[in-house]
Each structure stands twice: as structure tokens, then as C-alpha cells.
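Down below is the structure, laid out as C-alpha cells.
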Amino acid sequence: EQANKTESVKRVVLTSSCAAIYTDAKEVHETPKGAFTEEIWNTTSSLDYQPYSYSKTLAEKKAWEMAEAQDRWDLVVINPSFVMGPALNAENATSESISLLKQLGDGTMKMGVPNMGIGVVDVRDVAEAHYRAGFTPEAKGRHITSAYGSSFLELAKILHQQYGDDYPVPNSALP
């Protein structure tokens with residue numbers, strides 16, 4: 001709403017998430033041509049199932065609705081996968097990425113990690129994507145921002161190599 005009240009706003013760059021594109025294996029299995037694209041929307045999450053993904057989907061859809069209801073500014077959306085990298089304030093970080101890292105090291109997942117793949121992107125690349133979305137005149141639409149495919153087990157192995165036995169980092173995947 002503030003964008004509508006501020007005459008100087010010409011573009012809004014929204015941070016959404018790949019969670020607004022897909023949630024689970026069912027969507028992976030049903031993906032056209034075996035690849036996720038910016039045209040795909042998460043359809044399986046709800047208030048009761050994967051509420052984080054549901055909130056990202058609803059928020060982005062609302063932003064598109066607001067953008068389409070006016071004609072002064074345009075909307076560009078960045079859909080990052082799992083964002084990793086240095087936190088500005090690691091002691092008080094509340095992001096889902098930091099939360100997962102804490103769970104990998106505090107014993108929450110010591111019995112094993114979910115046996116699933118995950119896209120990963122560096123926070124500095126996400127910042128660059130936002131900058132370019134804001135200052136590239138021809139930018140439009142949604143933009144998946146993901147650097148490479150990984151898995152929770154691969155992330156745990158990297159942490160285990162770095163920290164050894166100092167923390168209860170999992171070393172296996174759950175069935």
C-alpha cells in the first residue's frame with residue numbers, strides 16, 4: 001500500500017521464495033518437462049500442510065494482485081531457493097536458513113536429516129539479483145535465484161567436516 005501512496009515509486013522488488021513455486025515431491029513429480037520455472041505456482045501447501053510455503057505463495061500472489069490493480073509502478077519478484085551465507089547479525093538472526101543451520105548443529109536432527117534435495121543460493125547472489133531487478137529497466141516477472149542443487153545430508157556433511165565432533169551434526173539421512 002505504501003508504494004501506492006508514494007508518487008516516486010516506479011518499481012517494487014519483492015523477495016518471495018522458491019517455496020511459492022513448489023512444496024513437495026508431489027509437485028516435483030508433476031512438474032512439466034521435469035524443471036521448475038517461474039510460471040509454476042505452489043499448489044499443495046495449506047495452513048495445515050507446509051504453512052511456511054503457503055504463506056510465501058499467498059504473499060506473492062497478493063503482491064501480484066496489488067501490482068495489477070494500478071499502473072504507476074511495476075513489480076519484479078525474486079524467488080530464491082535455500083539462502084546461505086554470512087548473516088549481518090548472526091547472534092540474533094531469525095531466518096529459516098539460520099534456523100535450519102542451528103537445528104543441524106544443536107542436536108535437533110542428530111538422528112538424521114530428511115532425505116531430500118534442496119536448491120541453495122548465496123545471500124550475496126540474492127542481494128545482487130535484487131539490485132539488478134531494481135535497476136535493470138527491462139526486468140519483469142518472477143526470477144528463480146538458485147546456484148546449485150544439494151541435499152540436507154550434503155549440508156550436514158559439510159558442517160561435520162568443519163566442526164568434527166564438537167557438535168551433534170547428523171551423519172545420515174532418515175528413511
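Placing +1 on each Lys and Arg Cβ and -1 on each Asp and Glu Cβ, with no other charges, gives the range 1-104 a dipole about its Cα centre of roughly 180 debye. Find the lysine pairs in the chain meeting two conditions, Cα atoms under 20 Å apart and a separation of 8 or more places or different chains, and report how many there are. The result is 11.
Its Cα centre serving as origin, the chain has a Cβ charge dipole (Lys and Arg +1, Asp and Glu -1) of approximately 140 debye. Between W41 and R132, full extension at 0.36 nm per residue minus the direct alpha carbon distance yields a gain of 30.4 nm. If the Kirkwood radius is taken over C-alpha pairs of the range 51-127, then at 10 °C and 1.306 mPa s the Stokes-Einstein diffusion coefficient equals 105 µm²/s. Among the protein heavy atoms of the chain, carbon and sulfur supply 55% of the accessible surface, probe 1.4 Å, non-protein parts ignored. Which net charge results when you count Lys and Arg as +1 and Asp and Glu as -1 among the other residues whose beta-carbon is under 14 Å from that of Q50? Cβ neighbours under 14 Å give a net charge of -2.
Between M84 and V121, D122, V123, the built amide H atoms are under 5 Å apart, and every one of these is 5 or more places off in sequence or on another chain. Plainly put, the chain has a radius of gyration that is 1.01 times its Kirkwood radius, both from alpha-carbon atoms, as the Rg/Rh ratio. Loop sites here are GluC sites (Glu not before Pro) outside DSSP states H, G, I, E and B with no more than 16 other Cβ atoms within 10 Å. The longest part of the chain free of them is 40-137. Accessible surface computed residue by residue for the chain, with neighbouring protein chains in place and a 1.4 Å probe, gives 64 Å² per residue. With the helix formula -39500 (n - 2.57) applied to DSSP H stretches of n ≥ 4, the chain reaches a computed 222 nm mean residue ellipticity of -10500 deg cm²/dmol.
Amide H to amide H, with H built 1.01 Å from N, A173 comes under 5 Å of V113, counting only residues 5 or more places away or on other chains.
The values are calculated or read from the model by the stated rules, or taken from the named source; none is laboratory data. Just so you know, these numbers come straight off a predicted model, no measurement behind them. We place every Cβ from the backbone using ideal geometry, glycine too, and count neighbours over all the protein chains shown. For the accessible areas, the whole protein counts, side chains as well, though only heavy atoms, and no ligand, DNA or RNA atoms are used. Shrake-Rupley method; radii C 1.70, N 1.55, O 1.52, S 1.80 Å.
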